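For reference, the structure discussed in these notes is given below.
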Amino acid sequence: MVDIMKYNKLKLNDLSRNIIECNGDYRLFCFDVDDVIFNTAPIMQMILESIDRRATKKYRVEKQSETSQTAKEANKRSYTLLDAILEERTCTIENEKGQNEHLDFTKPLIDYEELYSDKYLFPLAIEFIKYMIATKGENDFFIFVSHRNPEREGEVKTRRLYELLPEIDGVITLPFHEKIGADEPTNKGIWVKNILGLDNLDNAILIDNDPTNGKRFRKLNGFDIRYLPEGFKDEHTLYDHMSKLTNLDPYMINLILTLIRYSRENPEYAEELDKVKIKKL
């Protein structure tokens, strides 16, 4: 039986060497996993509801209508619980009655095999990436970059991605928090640079649903394309429609990359497009 994590490490080592041989002439596509490949958000909310409703997004939204102090306390309580559940550890919170609750989530409560099963794949996500790999340029590379909490979550993701796309160049799963209790999630761009030994991210493209991940990648001079799992909304402008994705259509990805490059050289162009609202028919 193949040790998938050792196999993946060898693949990433090969990728690093291959990139060096390209002498700066390459493209590295970095795909997020949750809510880009697998539609995990709604399922995860259902799982959290069954464990402790106070850890859910629904609970936080409900509490927003209460006094600012109550809402602030509820928000803090919710994220403390959420982190403890996902990181499979104990925690102490102050409940709504002002009492301390000591909770133990060390027993694994999330079935990651189920969460990353085929039934939760976004339609055509795998087919689109397969097409990109089949028609790729000589120096195009494809990896997945995804946060994880327990190591077993990273192992499940890695194995499932190789099962679905055996020709990918590697999977990077990084801990959501660098240290337990930290507020900020770990920086995907820094991990990609360090693991692959890159001097910069000038030729790297991150496709991710989280705007924070994208902004951090961009600050390292990488390209980021925002993925919208719920589609476009009324507030999205013409530039949003031209620079964001609602599926992984390779034609749109290449079109957006052309737009981003042009916008970096001509920022006034992006500013003008961002003023235009899309009118519904």
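The table that follows gives values for the structure above.
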{"quantity": "Enumeration of residues in region 204-215 that are open to solvent by 50 Å² or more (accessible area, probe 1.4 Å) and without any contact (Cβ under 8 Å) to a residue 60 or more places away in the chain", "calculated": "Pro211, Thr212, Lys215"}
{"quantity": "Odd one out for Leu201, checked against (1) in a loop (DSSP other than H, G, I, E, B); (2) farther than 19 Å from Ala41 by Cβ; (3) open to solvent by 30 Å² or more (accessible area, probe 1.4 Å)", "calculated": "(3)"}
{"quantity": "Every pair of residues 6+ apart whose Cβ atoms lie under 6 Å, when the first sits in region 138-155 and is open to solvent by 40 Å² or more (accessible area, probe 1.4 Å) while the second is not in a loop (DSSP other than H, G, I, E, B)", "calculated": "Arg148/Gly154; Arg148/Thr173"}
{"quantity": "Residues of region 251-271 classified as farther than 21 Å from Asp140 by Cβ and surrounded by fewer than 12 Cβ atoms within 10 Å (Cβ to Cβ), total", "calculated": "5"}
{"quantity": "Residues within region 139-152 that are assigned to a helix (DSSP H, G or I) and under 23 Å from Lys193 (Cβ atoms), tallied", "calculated": "1"}
{"quantity": "Region 23-77, subset within 23 Å of Asp169 (Cα to Cα) and of a type in the set (Val, Ile, Thr), residue nearest to the chain's Cα centre (by Cα)", "calculated": "Val33"}
{"quantity": "Residue under evaluation Val276, criteria (1) modelled with pLDDT under 95; (2) open to solvent by 70 Å² or more (accessible area, probe 1.4 Å), criterion not met", "calculated": "(2)"}
{"quantity": "Selection count, region 1-44, where residues are under 21 Å from Arg226 (Cβ atoms) and free of Cβ contacts under 8 Å to residues at least 40 places away in the same chain", "calculated": "1"}
{"quantity": "Tally, over region 217-233, of residues that are without any contact (Cβ under 8 Å) to a residue 24 or more places away in the chain and either at negative phi or open to solvent by less than 40 Å² (accessible area, probe 1.4 Å) (or both)", "calculated": "7"}
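The values are calculated or read from the model by the stated rules, or taken from the named source; none is laboratory data. As the structure is a computational prediction, the values presented were derived from the model and not from experiment. Here Cβ is always computed from backbone atoms with ideal geometry, including for glycine, and neighbour counts include all displayed protein chains. Accessible surface is based on the protein model in full, side chains and every heavy atom, while ligands, DNA and RNA are left aside. Shrake-Rupley method; radii C 1.70, N 1.55, O 1.52, S 1.80 Å.
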